[in-house]
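Each remark here refers to the structure printed beneath this line.
Every number in this text was worked out from the coordinates using simple rules, so none of it is lab data. The shown structure was predicted, so the numbers you read here are calculated from the model rather than taken from an experiment. As a convention, Cβ positions derive from the backbone with ideal geometry for all residues, glycine included, and neighbour counts pool all protein chains shown.
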Amino acid sequence: MPSQYDHIADLYQRSKETPLRRYVEAWSFFKLIGDVSGKSVLDLGCGEGFYTRELKRRGAARVLGVDISATMIEMAKQQENEHALGIEYVCSDVKEMPDPGEFDLVVAAYLLHYSESVADLLTMCQQIRRSLARGGRFIALNENPDQLPEHYSGYEQYGFGKSAELPHQDGAAINYWIVAGREVFRFSVCHFDRVTYQRALGLAGFDEIVWQPLSLDPRGVEKHGEEYWQKYLNNPPVTGLTSRAC
């Protein structure tokens, strides 16, 4: 089945260069991931390999990227062909992916909220757990389950906006628009309550489930000033999530 990202892959790739994604998203993600030297890492929802390549550059021994979008995977493979780092890529829905073996670490920048139902979310969590060695960590960036629709505003200066399908319940659509250069692209994710995420992870075999606040790279303050970031950090639309395979 075609992914909603197949027709916006190039625009999504360009959006990774915005100050927000560089100084908050990437900074927060790698701060949560920590040292990957010598580790095997599975990057789920890897897109065109933006974080996948960085994981390898930071010393991961083995890195496998998985994404549902054939277009995104082709872009990632093209990068690998042009600048070989020894990364493997697989095009697959995470819920249906072939067994990739066990990894020390599974990471996912925006994955769980693409589940379309509570049952899908549980299946996705079970697949992630299957891919982790006992004691291995799962680190994610994810839709903020505690943000209410009436607070989905004030992000225009950062080049994006969001709106919600009501009622605000498990599986309800959250619609995003993002500016990339002079173009705008759109995509949708799903809302799930915090307890729904935690229940799915727990049933799948995870513990030490912690919601982690975003943080700001000091270089972002130097470049744009502290005030520029406050609306986003005071009302974060996404959050970090860490857990451990038990």
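In sequence order, what are the phi-derived ³J(HN,Hα) couplings for region 28-39 according to the Karplus relation 6.51 cos²θ - 1.76 cosθ + 1.60 with θ = phi - 60°, rounded to whole Hz, with x for glycine and proline?
5, 4, 6, 5, 6, 5, x, 6, 10, 3, x, 9
Under a crude label model (7 Å from the Cα following the beta-carbon direction), how far is E17 from D207 in nanometres?
4.7
Taking 0.36 nm per residue of sequence separation and subtracting the Cα-Cα distance, how much length would be gained by fully extending the chain between E88 and L148, in nm to one decimal?
My answer for the length gained is 17.8 nm.
Just in region 63-116: which GluC sites (Glu not before Pro) are loop by DSSP and have at most 16 other Cβ atoms within 10 Å? Provide the component values of the computation, followed by the final result.
Details: sites: E74, E80, E82, E88, E96, E102, E116; in loops: E102, E116.
Those satisfying the criteria are E102, E116.
Using θ = phi - 60° and the Karplus form 6.51 cos²θ - 1.76 cosθ + 1.60, what ³J(HN,Hα) does each residue of region 210-217 get, whole Hz, x for Gly and Pro?
Using θ = phi - 60°, the values come out as 10, 7, 10, x, 6, 9, 10, 4 Hz.
Assuming a ≥ b ≥ c are the square roots of the Cα gyration tensor eigenvalues, decide whether region 1-78 counts as rounded (a/c under 1.5), prolate (otherwise, with a/b larger than b/c) or oblate.
Judged from the Cα gyration tensor, region 1-78 comes out oblate (a/c at least 1.5, b/c at or above a/b).
What full-extension length gain, to one decimal in nm, is calculated for A173 and A70 as 0.36 nm per residue of separation minus the Cα-Cα distance?
Going from the current span to full extension adds 34.8 nm.
For the chain, what does -39500 (n - 2.57) per DSSP helix run (n ≥ 4), summed and divided by total residues, give at 222 nm, in deg cm²/dmol to the nearest 500?
Numbers: 8 runs with 74 residues, N = 246.
Helix contribution divided over all residues of the chain: -8500 deg cm²/dmol.
Need one number: nm distance between label points at E165 and S215, each 7 Å from Cα along Cα→Cβ, rounded to one decimal.
For the pair E165/S215, the computed spacing is 3.6 nm.
Once you order the gyration tensor axes a ≥ b ≥ c over the Cα atoms, which shape class does region 41-146 get: rounded for a/c under 1.5, otherwise prolate or oblate by comparing a/b with b/c?
Note, shape of region 41-146 comes out prolate.
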